[in-house]
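Visitor: Mind having a look at this structure? Questions to follow.
Read the figures in this text as sums done on the coordinates, not as results from a lab. Worth saying up front: this structure is predicted, and the values here are computed from it rather than measured. Neighbour counts are summed over all protein chains in view; Cβ atoms, including those assigned to glycine, are modelled from backbone coordinates with ideal geometry.
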Amino acid sequence: MRTPAKVRIGDSPDTRVIGPVTQTDIVRFAGAGGDFNPLHHNPEFVAASGFPGVIAMGQMQAGMLAGWVSDTFGVEHVRSFGVRFVAPVFLGDTLTVGGTITAITERDGESLADLDLVVSGAKGPVVTGAATVVVSAT
């Protein structure tokens, strides 16, 4: 088991930049997750729906955020994780994934950090969320 990360309230571990998002990224995720909604691959359907272009599925960005949390803190240290989808992601968008430590508490013999999480594109947040992870408070 990895040693818990040493953090303080207000810390923002290194962010991850992903993208630009391609149609291949979306197709690969659709194949892995089984989400074949035409909003993700059919330009005619997308146009009729009122979107300016094909959109990536929200779970793709949630997965990117989950990967950042587990890579940064160790999957064995994740105690909770949740997201909210706030804006669509389009082909060509570049995303920044990260979070900030907002609180540290002790519970059941563990030092737990609460994080505010965000995936942002050029126009602002596309996914927000929260996680609780085991840490070593400094």
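Visitor: Which peptide among 47-59, 26-38, 123-135 comes first, and what is the full order, when sorted by highest mean count of other Cβ atoms within 10 Å?
Guide: In descending order of packing, they fall as 123-135, 47-59, 26-38.
Visitor: Given the convex hull of the Cα atoms of the chain, what is a quarter of its surface area in nm²?
Guide: 8.9 nm²
Visitor: Shifting gears a bit: Under a crude label model (7 Å from the Cα following the beta-carbon direction), how far is K6 from S49 in nanometres?
Guide: Once both label points are built, they end up 4.8 nm from each other.
Visitor: What angle do you read, to the nearest 10 degrees and between 0 and 90, between the alpha-carbon axis of helix 23-33 and the longest principal axis of the chain?
Guide: The helix 23-33 is inclined about 70 degrees to the chain.
Visitor: Just to be sure I understand the model, the point goes 7 Å from the Cα along the line to the Cβ. What's the resulting D108 to Q59 distance in nm?
Guide: Going from the D108 label point to the Q59 one covers 2.7 nm.
Visitor: Another question, if that's okay. Pop a pseudo-label 7 angstrom from the Cα along the beta-carbon direction at both T100 and A130 and give the gap in nm to one decimal.
Guide: That separation, rounded to one decimal, is 1.5 nm.
Visitor: Can you compute the FRET efficiency between R84 and A122 using 1/(1 + (r/R0)^6), with r the Cβ-Cβ distance and R0 = 22 Å? Round to the nearest 0.05.
Guide: With R0 = 22 Å, the Cβ-Cβ based efficiency is 0.65.
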